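Q: Attaching a single structure in structure tokens format; questions to follow.
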Amino acid sequence: MSSSYIISIDGPAASGKSTVARKLAEKLNITYLSSGSVYRAITYVCLSKNIKPSDENLKDFINTQSFNIEHGKVFVNNQDYSKFLSLPETENAVSSYASLACVREFALTLLRDVAKHESIIMDGRDIGSVVFPNATNKFFLTASQEVRAKRRYDEFCKNHPNEKINLDNILAEIIKRDDMDRKRELSPLIVAENAILIDNSKLNIEETIQAIYNSLHKKTGEA
Ligand code: CDP
Ligand code: CDP
């Protein structure tokens, strides 16, 4: 593909968005950004100052924080926030903060800025529907809730071999987050207009990437 372009990959938790998007970005030699990392960073900075979603000062507070995105990483007040983004407290609270109008407005400006000067693959919930409705290519990845819960379970067991975790609890968390993201009033998780839906319950990562890659080429007419 030539000139600057945007590929959006939306979908629920553990549908493989970030793994697939990161690998595809490497293959296409363009930047990858997880929009979820912006929502997670906002969540963590609020939690760290004990600002609850219901706090009337939340909007003013986030507007006084300095957010920068460099090479797909989020910095808040010049601190790399990567290590805070997957903490359980961040993960459990993020959907509540992400449903607020002031948080979405703040994130939208940051996310649109990133794509002003470069080609990008961005994943999230509303990238093809709200952030970049004119994206060059739009995808919606999904898989059954059971498959997604098992993926998160396997991931946790691999990363924390000495800790115990309950698959049913993970499934319950996934169901709860899906529900909040789909039913919220602002920018709910939907399949964007013109998005290609890929259910990868039975596909591995490479097969999912190949399915996306094939339709990119089909659309641009390249061999
Ligand atoms: O990787 P996973 O799908 O579990 O999470 P994520 O993409 O980091 O998103 C975390 C949460 O942020 C989601 O459950 C949404 O509540 C919120 N989010 C959003 O509202 N809009 C986006 N574009 C991206 C994330
Ligand atoms: O970003 P998102 O929450 O949508 O998912 P992810 O973090 O990319 O994927 C969650 C886990 O599922 C990772 O450990 C992936 O390696 C795994 N996965 C998989 O086994 N098969 C797929 N087709 C997609 C993801």
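The values are calculated or read from the model by the stated rules, or taken from the named source; none is laboratory data. Quick caveat: nothing in here was measured; it's all calculated off a predicted structure. Note that each Cβ is placed from the backbone with ideal geometry, even for glycine, and that neighbours are counted across all protein chains shown. Note: areas computed on protein heavy atoms with side chains; ligands, DNA, RNA excluded. Shrake-Rupley method; radii C 1.70, N 1.55, O 1.52, S 1.80 Å.
Q: How many residues does the stretch 151-183 contain that are modelled with pLDDT of 95 or more and within 15 Å of THR19 (Cβ to Cβ)?
A: Residues meeting the conditions: 2.
Q: Something else about it: Filtering the stretch 29-38 down to residues that are touching a Phe, Trp or Tyr at 6+ places or on another chain (Cβ under 9 Å) and open to solvent by 10 Å² or more (accessible area, probe 1.4 Å), which residue is farthest from ligand 1 (Cβ to nearest atom)?
A: ILE30
Q: Out of contact with any Asp or Glu (no Cβ under 6 Å at 6 or more places or on another chain), outside any strand (DSSP E or B) and surrounded by 15 or more Cβ atoms within 10 Å (Cβ to Cβ), is that true of VAL45?
A: For VAL45, the condition - out of contact with any Asp or Glu (no Cβ under 6 Å at 6 or more places or on another chain), outside any strand (DSSP E or B) and surrounded by 15 or more Cβ atoms within 10 Å (Cβ to Cβ) - is met.
Q: Please specify each residue of the stretch 65-84 satisfying the condition of being in a helix (DSSP H, G or I) and among the aromatic types (Phe, Trp, Tyr).
A: The one that is in a helix (DSSP H, G or I) and among the aromatic types (Phe, Trp, Tyr): PHE84.
Q: Give me the strands (runs of 3 or more DSSP E) completely within the stretch 110-223, filtered to those with at least 2 residues that are within 20 Å of the chain's Cα centre (by Cα) and either loosely packed, with under 15 Cβ neighbours inside 10 Å or away from ligand 1 (no atom under 16 Å from the Cβ) (or both), ordered by residue number.
A: Because the criterion is at least 2 residues that are within 20 Å of the chain's Cα centre (by Cα) and either loosely packed, with under 15 Cβ neighbours inside 10 Å or away from ligand 1 (no atom under 16 Å from the Cβ) (or both), the strands (runs of 3 or more DSSP E) in the stretch 110-223 that meet it are 196-199.
Q: Continuing with this model, one more query. Only one of these is in a helix (DSSP H, G or I) and either out of contact with any Lys or Arg (no Cβ under 8 Å at 6 or more places or on another chain) or within 16 Å of ligand 1 (Cβ to nearest atom) (or both): ILE62, ILE7, ILE51. Name it.
A: After applying the criteria, what remains is ILE62.
Q: Now a separate question. Within the stretch 99-142, count every residue that is of a type in the set (A, V, I, L, M, F, W, C) and more than 21 Å from PHE61 (Cα to Cα).
A: 13
Q: Follow-up question, since we're still on this one. Could you grab me the full set of residues in the stretch 10-28 that are within 13 Å of ligand 1 (Cβ to nearest atom) and open to solvent by less than 30 Å² (accessible area, probe 1.4 Å)?
A: Correct list: ASP10, GLY11, PRO12, ALA13, ALA14, SER15, GLY16, LYS17, VAL20, ALA21.
Q: Among the listed residues SER82, SER66, identify the single one that is of a type in the set (Gly, Ala, Ser) and over 20 Å from the mean Cα position of the chain (by Cα).
A: Criteria check complete, one pass: SER66.
Q: Given the conditions (1) within 16 Å of ligand 2 (Cβ to nearest atom); (2) outside any loop (DSSP other than H, G, I, E, B); (3) of a type in the set (S, T, N, Q), which single one is not true for SER15?
A: (2)
Q: Restricted to the stretch 62-107, and to residues that are closer than 12 Å to ILE42 by Cβ and open to solvent by 50 Å² or more (accessible area, probe 1.4 Å), which residue is nearest to ligand 2 (Cβ to nearest atom)?
A: So the residue we want is GLU105.
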